DNA sequence: AAAATTAATGAATAAATATTCATTTAAAAG
DNA sequence: CTTTTAAATGAATATTTATTCATTAATTTT
């Protein structure tokens, strides 16, 4: 029995992300993915039942990877503001370093590929973020508003800024990043 | 000579927006657009050379419509903070009321349809926003940071919040909107 | 070393989608 | 009212894209 080549799935993922970044989810074909991944089109169908499954699988992979990263260097014993900054930085760095993944995930949200089940599963990944912000509210450090509102406020500015600097072909300096966090904090704090 | 039916283009636009919201840009076909717009597929090709042109045309239409709305009720004589709030509200209300347009525009940005020319043209529409924020900086009312950074901070939180509430099937109450602006302002102000 | 098993291939096929065009319909001009 | 002109239609065609499958190539097992 010939074993499967474990690298292939990663190659396919990488190729798909590259193409989606380049042409958008709407413009990506199985043929192109195969070509970019240096395998035959037929081989794609050994690893994935069909296109929908390929996209869903990559989507889930990206979502899990991101959730894992968000809480790096964080534990609940850290003082709130410092903990928030840690996670804020993790979020920012993820969006910068894995821009293509973040973009892919965004695109998938409004596509015919992602199934309702896949969509539901991703929600659960973000409950820890939720708890963090609730803690800040309890300590009266952040505004006493709907937690979701606070989180979207935080995430929104990160996403938009990363997107913009990416397309402008710039880098965010350490200084700028500090300024960004200051703005976020000033917006959240009581 | 039979004249063109002026309503048809609007019908096609409306149909396209509806379908894109429902299935994403990736999943929309000319046949479906025609059906949804209650015209024959062939008729589409009287009004638009091809699919790319249809999408680009709608994209431009949406962009112009949005730019027109942003500066409603605003003139440069209004005190900065009040002027900013006016525009902030315009932005928010546009994203809420024309959610499908905003979504379509977002999706288009990463698609094979939008041409570089179309992309360039949209940039110009937002110079007034730029000037506004510069004015706030000069008056030392907002932080002395890169104007783009301030603008993306502002726009990002709006976009993300509207997206989230839309998918959660909620409405933003007057009170919540006030809270949102307060957060935005606290983030921006010196 | 031969047999068995499954991965890998890519041309062939199926399916979906964009686009065309011969025909019909409706409005305007004469 | 007739003729002219262009819109409108939707079935037919062209094109693109997903998927299959007969064949070949690698491994492992015996």
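Going residue by residue through the range B:75-85, is there one that turns out to be away from DNA strand D (no atom under 16 Å from the Cβ), buried (at least 18 other Cβ atoms within 10 Å of the Cβ) and in the same structural domain as residue B:131 (by TED's automatic domain parsing)? Working first, answer last.
First, the residues of the range B:75-85 that are away from DNA strand D (no atom under 16 Å from the Cβ): B:75-85.
Within this subset, residues satisfying the condition of being buried (at least 18 other Cβ atoms within 10 Å of the Cβ) are B:83-84.
Now narrow it down to the ones that are in the same structural domain as residue B:131 (by TED's automatic domain parsing): B:83-84.
Scanning the range B:75-85, I find at least one residue that is away from DNA strand D (no atom under 16 Å from the Cβ), buried (at least 18 other Cβ atoms within 10 Å of the Cβ) and in the same structural domain as residue B:131 (by TED's automatic domain parsing), so the answer is yes.
Name the one entry in A:58, A:54 that is more than 12 Å from DNA strand D (Cβ to nearest atom), farther than 30 Å from residue A:179 by Cα and buried (at least 17 other Cβ atoms within 10 Å of the Cβ).
On the way: A:54 fails: more than 12 Å from DNA strand D (Cβ to nearest atom).
Checking each option against the conditions leaves just A:58.
Against the conditions (1) within 13 Å of another protein chain (Cβ to nearest Cβ); (2) touching a residue at least 60 places away in the same chain (Cβ under 8 Å); (3) under 30 Å from residue B:131 (Cβ atoms), where does residue B:101 fall short? Just the number, please.
(1)
Would you check which residues across the range A:134-144 are within 13 Å of chain B (Cβ to nearest Cβ) and crowded, with 20+ Cβ neighbours inside 10 Å and list them?
A:142 - this is the single residue of the range A:134-144 that is within 13 Å of chain B (Cβ to nearest Cβ) and crowded, with 20+ Cβ neighbours inside 10 Å.
Of everything in the range A:9-62 that's outside any helix (DSSP H, G or I) and away from every other protein chain (no Cβ under 14 Å), which residue is farthest from residue A:104 (Cα to Cα)? Before the answer, list the steps.
The initial filter retains those residues of the range A:9-62 that are outside any helix (DSSP H, G or I), namely A:24, A:28-29, A:37-40, A:48-50.
Filter again for away from every other protein chain (no Cβ under 14 Å), leaving A:37-40, A:48-50.
Details: A:37: 17, A:38: 21, A:39: 22, A:40: 23, A:48: 18, A:49: 20, A:50: 18 Å.
Ranking the qualifying residues of the range A:9-62, first place goes to A:40.
The rows are residues; the columns are (1) more than 9 Å from chain B (Cβ to nearest Cβ); (2) more than 18 Å from residue A:87 (Cβ to Cβ); (3) loosely packed, with under 13 Cβ neighbours inside 10 Å; (4) out of contact with any helix residue (DSSP H, G or I) (no Cβ under 8 Å at 6 or more places or on another chain).
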residue: A:107; (1), (2), (3), (4): no, yes, no, no
residue: A:149; (1), (2), (3), (4): no, no, no, no
residue: A:152; (1), (2), (3), (4): no, no, no, no
residue: A:167; (1), (2), (3), (4): no, yes, yes, yes
residue: A:178; (1), (2), (3), (4): yes, no, yes, yes
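Results for (1) more than 8 Å from DNA strand D (Cβ to nearest atom); (2) assigned by TED's automatic domain parsing to the domain that holds residue A:167; (3) surrounded by fewer than 18 Cβ atoms within 10 Å (Cβ to Cβ); (4) closer than 30 Å to residue A:139 by Cα, shown as yes or no for each residue.
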position: A:1; (1), (2), (3), (4): no, no, yes, no
position: A:13; (1), (2), (3), (4): yes, no, no, no
position: A:29; (1), (2), (3), (4): no, no, yes, no
position: A:39; (1), (2), (3), (4): yes, no, no, no
position: A:67; (1), (2), (3), (4): yes, yes, yes, yes
position: A:72; (1), (2), (3), (4): yes, yes, yes, yes
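The values are calculated or read from the model by the stated rules, or taken from the named source; none is laboratory data. Because the structure is a prediction, the values reported are computed rather than measured. Heads up, the Cβs are rebuilt from the backbone with ideal geometry, glycines too, and the neighbour counts pull from every protein chain shown.
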